[in-house]
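Remarks on the structure that follows.
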Amino acid sequence: MALLQISEPGESAAPHEHRLAIGIDLGTTNSLVATVRSGMAVVLNDELGRSLLPSVVRYGVDGAVEVGYDAQARQAADPRNTIVSVKRFMGRGIKDIEHVESMAYDFVEAEGMVKLRTAQGVKSPVEVSADILRALRERAELSLGGQITGAVITVPAYFDDAQRQATKDAARLAGINVLRLLNEPTAAAIAYGLDNAAEGIYAVYDLGGGTFDISILKLAKGVFQVLATGGDSALGGDDFDHRVFCWIIEQAKLAPLSHEDARLLQIRAREAKEYLTTHGEAPITARLSTGEFVDLKLTTAIFNEITHTLVHKTLGPTRKALRDAGLSPDEIAGVVMVGGATRMPQIQKAVEDFFGCEPLNNLDPDKVVALGAATQANLLAGNRAAGDDWLLLDVIPLSLGIETMGGLVEKIIPRNSTIPVARAQEFTTFKDGQTAMALHVVQGERELVSDCRSLARFELRGMPPMVAGAARIRVTFQVDADGLLSVTAREQTSGHEAHIEVKPSYGLSDDEIAAMLKDGYTHASDDAFRRALREVQVEAQRLVEAVQSALKEDSHLLSTLERAHIDACMARLQAVMIGDDRRAIDAAMDALSKGTAEFAARRMNQSVQRALAGKKVEEL
Amino acid sequence: MNFDQDHFTLFALPRQQGLDAARLEELYRDLQARVHPDKHAHLSPAEQRQAMQRATRVNEAYLTLKDPLRRARYLLELAGHDAGLETNTAMPAEFLMAQMELREAVAEAKEAGDIDALDARHRTLKKAVRGEFEALQAALDAGEYERAGELVRQLMFQEKLLHEIDDALALLDA
């Protein structure tokens, strides 16, 4: 509720309570979890002191689910049940995925998102990602010794709506309360900017395992404003590995490989790539199940030659982002390098040549995103220390539109619009007596619907029959602070209202999520109940404290009658929150929230007026 | 503060085409620092929705005021002047001739994949547009809404061409 936040700028409403908040970098190759401890963002290690969790999940025949290094170690032996780089499948159909032929999986084509058949049944990428997220949540809970209030989860800036929705669904499935989906380059900019007190215009060049992002940000007076973003959600370090893999097959003149041998050579390809970061040439040796022996040397010169088109592929989106921001390369104060793949010397050189300045590498490119996410999570959870305050203004990466006649796209929200954003457009009927209208929501930059990504189709029904062109159907797109879209449509002239919320066709339905959650709870159901009850009790306590502190400061904004109503709602909540009836607590919280909504609005207005009066917040 | 007020009032700025851009930026940040959903992320869903709506409103107002063409259109709207932006396509013959020639040149450069030529066209067009914006401000200040409407229509035409050049450059880059 709004009462809490504006109570005392620079201080949380309940200063003694530190809420456990985490930042998660859910990467293609590796994932990390970080938190803010004594004012410092730190990555949380596993019990063996390792910070990275390989984004690998193995579904064993024996029913065991292994995540991380254990799964990674078994991948060549059990490639079909060991899922690597699952992020590449999030929100994607099989035709969207490159190099399918060299992947050892048993793909199942499903409505919307591709699925994988494993020893433990058919798994969606959302479920696989949820297993990774669950491992990170458990690591954090063990390490912090308590319940996690919420998490910020990072996504590539260039992720579309379907990919974002899939990520949020995975978090829900893993029992994580998502405070915000945060764009990876923006997270890196927070970590870098706060660390270096940077001001000016910066570029973040983020080449991860499977995705490439470029973001242009303006850093000024505690505001991180994204001016433009661009990228390629299917380009990353994996593609460099694949080029080396193809080179090995070509050089060693290998016949078609078994799944196990293919996975083995993919591992060798990655090792060779990493070795070349610090050496002039890399030996590649492997004994295959056929008895063949691979013994090759990969030099830097050959590696650069076979991968130079990939390096070049990152510069197109970079130029586009600069153009969208209305800037030239020399106006950039610095380029922050993010993602393990930026360690490759030819990437460093390409970036240096393009921007004409040496890239900034003083933060660990593997960790910077998780650290930024943790910092933001800490802020969102309300753990601000005095003076510790900043604002993120992010954008959507791709335009959102609707299909019109002839398969063309009418753009409703252009790319690089600052979020949250809403835009409405009016459409009309083209037939006499038409009572329904089909709407097709798409995302992308191209003019033809067939070249854009289809997000959702829905129908507005039950309109009163009118002559063609008389109906006025207002379609409103709303993108929230997570970059997620909802669409509503309404017929205006008749006063008749039809109202539809849209879920992307690639996302999971609420029923599917509920079913998966239920599956998960059969293993730990009483645990889940206690957890849920505890969560709602904490929420309730927080709400009561917020209202009390707001009343202390601003009760002059209320009439006696209004005050009495709020007091009554609060007493009711305090009475039920000690019990174990979750529904009663929910209902009482809802009543109190509603009862204080007007009060919150008045306080917000008062605070905004003060802001506009040009006074410093601290002086109020 | 009433979020139903017009954009200028919301930002406490004078209702006119001339605008102190630095002041607008500053006010925008101050307002967002108060209403942005990130500031209300730990609150109830209802309050988060309210924050989203207010931040959306502030973003919309900011975008409208920041862009001189959208600002001018908005001023005409507030003045109750219908500039017939969707219906009125009448423009001076001289202007149309010049635009047609420019379009042809752009199409040719696009065909030939000539990035430098496209870049050069972009620059000259941008310069021409700047001059017209000055005229537009003068017209709005003087309350000459007919003239302002005509300039807005011309500028919309030109901005569209600028966008097309941008898109062509993006395609050549890919």
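The values are calculated or read from the model by the stated rules, or taken from the named source; none is laboratory data. These numbers come from a predicted model, not from an experiment. Heads up, the Cβs are rebuilt from the backbone with ideal geometry, glycines too, and the neighbour counts pull from every protein chain shown. We work out accessible area using only protein heavy atoms, side chains counted, and drop any ligands, DNA or RNA first. Shrake-Rupley method; radii C 1.70, N 1.55, O 1.52, S 1.80 Å.
State which residue is farthest from the chain's Cα centre (by Cα) when the search covers only the stretch B:124-174 and only residues that are within 14 Å of chain A (Cβ to nearest Cβ) and acidic (Asp, Glu).
Of everything passing the filter in the stretch B:124-174, B:Asp173 is farthest from the chain's Cα centre (by Cα).
Consider A:Leu455 against the criteria (1) out of contact with any Cys (no Cβ under 9 Å at 6 or more places or on another chain); (2) within 14 Å of chain B (Cβ to nearest Cβ): it satisfies all of them except one. Which criterion is unmet?
Failed condition: (2).
So which residues in the stretch B:1-11 are surrounded by 15 or more Cβ atoms within 10 Å (Cβ to Cβ) and at pLDDT below 90?
B:Met1, B:Phe3
Does the stretch A:309-340 hold any residues that are away from chain B (no Cβ under 14 Å), touching a strand residue (DSSP E or B) at 6+ places or on another chain (Cβ under 8 Å), closer than 17 Å to A:Gly230 by Cβ and open to solvent by less than 70 Å² (accessible area, probe 1.4 Å), and which are they?
Within the stretch A:309-340, A:Ile332, A:Val335, A:Val336, A:Met337, A:Val338, A:Gly339 qualify.
Between residues in the stretch A:531-544 that are farther than 14 Å from A:Ile176 by Cα and residues that are of a type in the set (Ser, Thr, Tyr) and crowded, with 18+ Cβ neighbours inside 10 Å, which pairs lie under 8 Å by C-beta distance while being six or more apart or on different chains?
If the second residue must be of a type in the set (Ser, Thr, Tyr) and crowded, with 18+ Cβ neighbours inside 10 Å, the pairs left are A:Val538/A:Thr149; A:Leu543/A:Ser593; A:Leu543/B:Ser44.
Give all pairs with beta carbons closer than 9 Å in which a residue from the stretch A:586-609 that is more than 9 Å from chain B (Cβ to nearest Cβ) and open to solvent by 20 Å² or more (accessible area, probe 1.4 Å) meets a residue that is not acidic (Asp, Glu) and not in a helix (DSSP H, G or I); count only pairs at least 6 apart in sequence or on separate chains.
Listed pairs, sorted by first residue: A:Glu598/A:Leu558; A:Arg602/A:Leu558.
Right, B:Leu24: more than 9 Å from chain A (Cβ to nearest Cβ) and in a helix (DSSP H, G or I) or not?
In short, yes.
Condition check: touching a Lys or Arg at 6+ places or on another chain (Cβ under 6 Å) and modelled with pLDDT of 85 or more. Does B:Leu31 satisfy that?
No; evaluated as a whole, the condition is false for this residue.
Might you check whether a residue that is of a type in the set (S, T, N, Q) and not assigned by TED's automatic domain parsing to the domain that holds A:Thr29 occurs anywhere in the stretch A:218-230?
No; the residues of the stretch A:218-230 include none that is of a type in the set (S, T, N, Q) and not assigned by TED's automatic domain parsing to the domain that holds A:Thr29.
Among the listed residues B:Thr56, B:Thr89, identify the single one that is at pLDDT 90 or above, hydroxyl-bearing (Ser, Thr, Tyr) and out of contact with any helix residue (DSSP H, G or I) (no Cβ under 7 Å at 6 or more places or on another chain).
B:Thr56
I need the full set of residues from the stretch A:165-177 which are more than 15 Å from A:Gly208 (Cβ to Cβ) and open to solvent by less than 10 Å² (accessible area, probe 1.4 Å), in order please.
Result: A:Ala166, A:Asp169, A:Ala170, A:Ala171, A:Ala174.
With the condition kept exactly as written, say whether any residue in the stretch A:551-563 is within 14 Å of chain B (Cβ to nearest Cβ), touching a Leu at 6+ places or on another chain (Cβ under 8 Å) and without any contact (Cβ under 8 Å) to a residue 60 or more places away in the chain.
So far as the stretch A:551-563 goes, no, none of its residues is within 14 Å of chain B (Cβ to nearest Cβ), touching a Leu at 6+ places or on another chain (Cβ under 8 Å) and without any contact (Cβ under 8 Å) to a residue 60 or more places away in the chain.
Check the stretch A:274-292 and report whether any residue there is under 19 Å from A:Thr211 (Cβ atoms) and in a helix (DSSP H, G or I).
yes
When the stretch A:296-308 is examined, which residues are found to be in a helix (DSSP H, G or I) and either open to solvent by 70 Å² or more (accessible area, probe 1.4 Å) or of a type in the set (A, V, I, L, M, F, W, C) (or both)?
Of everything in the stretch A:296-308, those that are in a helix (DSSP H, G or I) and either open to solvent by 70 Å² or more (accessible area, probe 1.4 Å) or of a type in the set (A, V, I, L, M, F, W, C) (or both) turn out to be A:Ala301, A:Ile302, A:Phe303, A:Glu305, A:Ile306, A:His308.
Restricting the stretch A:351-391 to residues that are away from chain B (no Cβ under 14 Å) and of a type in the set (D, E, K, R), which is nearest to A:Val43 (Cα to Cα)?
A:Lys367
This table checks each residue for (1) more than 10 Å from chain A (Cβ to nearest Cβ); (2) of a type in the set (Gly, Ala, Ser); (3) out of contact with any strand residue (DSSP E or B) (no Cβ under 7 Å at 6 or more places or on another chain).
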site: B:Lys39; (1), (2), (3): no, no, yes
site: B:Ala46; (1), (2), (3): no, yes, yes
site: B:Arg57; (1), (2), (3): no, no, yes
site: B:Met97; (1), (2), (3): yes, no, yes
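Residue check: is A:Val487 over 18 Å from the mean Cα position of the chain (by Cα), aliphatic (A, V, I, L, M), open to solvent by less than 20 Å² (accessible area, probe 1.4 Å) and within 20 Å of A:Gln163 (Cβ to Cβ)?
Taking the combined requirement at face value, the residue satisfies it.
In the stretch B:111-123, what count of residues is obtained for those that are surrounded by 12 or more Cβ atoms within 10 Å (Cβ to Cβ), more than 25 Å from the chain's Cα centre (by Cα) and touching a residue at least 24 places away in the same chain (Cβ under 8 Å)?
Selection size over the stretch B:111-123: 1.
Mind listing whichever residues of the stretch B:12-29 are surrounded by 17 or more Cβ atoms within 10 Å (Cβ to Cβ) and over 18 Å from the mean Cα position of the chain (by Cα)?
Result: B:Leu27, B:Arg29.
From (1) modelled with pLDDT of 95 or more; (2) under 30 Å from A:Leu227 (Cα atoms); (3) more than 17 Å from the chain's Cα centre (by Cα), pick out the condition that doesn't hold for A:Tyr192.
(1)
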